[in-house]
Amino acid sequence: MTETYIKVENVRFSRAGRTIYENVSLSIPRGKITAVMGPSGTGKTTLLRLIAAQLAPDSGRILVDNQDVHTLSRTDLYKVRRKMGMLFQSGALFSDMSVAENIAFPMEEHTQLSHDTISQRVSDKLHSVGLRGAADLMPSELSGGMARRVALARAISLDPELVMYDEPFTGQDPISKGVLVSLIRQLNDSANMTSVLVSHDVEESLSIADHVCILSGGRVIAEGTAEAIRASNDPQVKQFLNGEPDGPVPFHYPEKGGDLERDQRGVAS
Ligand SMILES: Nc1ncnc2c1ncn2[C@@H]1O[C@H](COP(=O)(O)OP(=O)(O)OP(=O)(O)O)[C@@H](O)[C@H]1O
C-alpha cells in the first residue's frame, strides 16, 4: 500500500473576503509524482503555499510527514521546510551570481558543509540536470530552458524529500518541456523524492503523474491515477482536460461577494 506523505484535511481558506477553498481534502503519496491541476485562479499555487506553511488555513489541517505544519514551533517548522524544495514560477536566479554560486547559495546559507563538499555537491546537482558544463556561466547567458534547469538544481541542493513545482513548463518550448518532464521523473525516482507538480499543461502532467488531483470552484473535483482521470465522465473534468472554454467551469472571475456554487453553475452572461 502506498504511504501518504501529505494529507490535506477539510481545509477552508479565504483571501481578501473571497473563499478559495470551501472544504478541500486530498492525499499526496510518498515517493510519487502528484499533479495538481485546475483552471486558472482556482488556488493551485495557494495549495503549495499552504503546504509550505507560508499561508495558514482558516480551518482544517495539513499534515506533512505526519506533522501538522501549522501547529509547529518555529524551529520544527524550519526542520520541515528543510525537507522541501520549491521551484516557484517566480523563482528567478540571482543575476549577479554564476550558475554554480546560485546552486551553492542554499547550502552556504543553511548548512555547515565545507567549501569542497559544497563544490562537489554543486557539480553533482548540475550533472543531474545535465548542465555540468554551465557551472561558470552567468544567468544572462542561459536560455530559458537552461535557467529553469539551474533553478531546479538549486531547488534540490539540500536533498529535499519533497519537491514542489509551480508551473515548471511555462514559457518553455516543446523540447525543453520534454527535458523537464523526464528530469522531474528521473529526480523523483532516483532520489526517492515525493513530487508535487502544479501545471496547466495537461498532457505533460498526465504523462508523468502517478496521482492527479483536479481542483475547481474551491473543491477537489477529481482525484486518482492519470488513467482514471482521463476516463472520467465528470463534465468539469472533461471540460478542463479538453480545454473547452464553455462548460460547468465558469469563464468569469466571480464578482465580489459572489458564491462559488452559483459561479460554477455556468458561464455568467
Ligand atoms: N496575495 C493575494 N491576495 C489576495 N488574493 C490572492 C493573493 N494571491 C492570490 N490570490 C487569489 O487567490 C486565488 C487563487 O490564486 P492561485 O494563485 O493560488 O491560483 P492558481 O490556481 O495557482 O492560478 P494560476 O493557474 O492562474 O497560476 C485567486 O483568486 C487569486 O486572485
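Listed values, structure above:
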{"item": "Folded to 0 to 90 degrees: helix 115-128 orientation relative to the chain principal axis, Cα", "result": "50"}
{"item": "Under-28-angstrom lysine pairs by C-alpha in the chain, whenever the two are 8 or more apart or on separate chains", "result": "23"}
{"item": "Degrees separating the helix 174-190 axis from the principal Cα axis of the chain, which is the longest one", "result": "80"}
{"item": "Residue (of Thr19, Thr2, Thr34) at the positive-pole extreme of the range 1-56, dipole from beta-carbon charges", "result": "Thr19"}
{"item": "For the chain, calculated [θ]222 nm from helices alone, where every DSSP H run of n ≥ 4 adds -39500 (n - 2.57)", "result": "-10500 deg cm²/dmol"}
{"item": "Per-peptide average of other Cβ atoms within 10 Å, ordering 133-143, 119-129, 103-113, 196-206 highest first", "result": "196-206, 119-129, 103-113, 133-143"}
{"item": "Principal-axis tilt of helix 144-155 within the chain, Cα atoms, nearest 10 degrees", "result": "80"}
{"item": "The chain - charge dipole about Cα centre, Lys and Arg +1 at Cβ, Asp and Glu -1, debye rounded to 20", "result": "400"}
{"item": "Shape category assigned to the range 119-185 from the gyration tensor of Cα positions, a/c cut at 1.5", "result": "oblate"}
{"item": "Per DSSP, loop GluC sites (Glu not before Pro) in the range 1-68 with at most 15 further Cβ within 10 Å", "result": "Glu3"}
{"item": "Dipole of the range 80-148, positive direction: furthest Cα of Met86, Ser119, Gly133, with charges on the beta-carbon", "result": "Met86"}
{"item": "Exposure proxy ranking, count of Cβ atoms within 10 Å, fewest first, for Leu77, Leu47", "result": "Leu77, Leu47"}
{"item": "Peptides ranked, highest mean first, by Cβ atoms within 10 Å: ranges 236-244, 27-35", "result": "27-35, 236-244"}
{"item": "The chain: C-alpha gyration tensor shape, a/c 1.5 cut-off, then a/b vs b/c", "result": "prolate"}
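Every read-out reported here was derived from the displayed coordinates using simple, explicitly stated rules and does not represent laboratory data. This one's a predicted model, so the numbers in the text were calculated from it and none came from an experiment. FYI the Cβ positions are ideal-geometry reconstructions off the backbone, even for glycines, and counts take in every protein chain you see.
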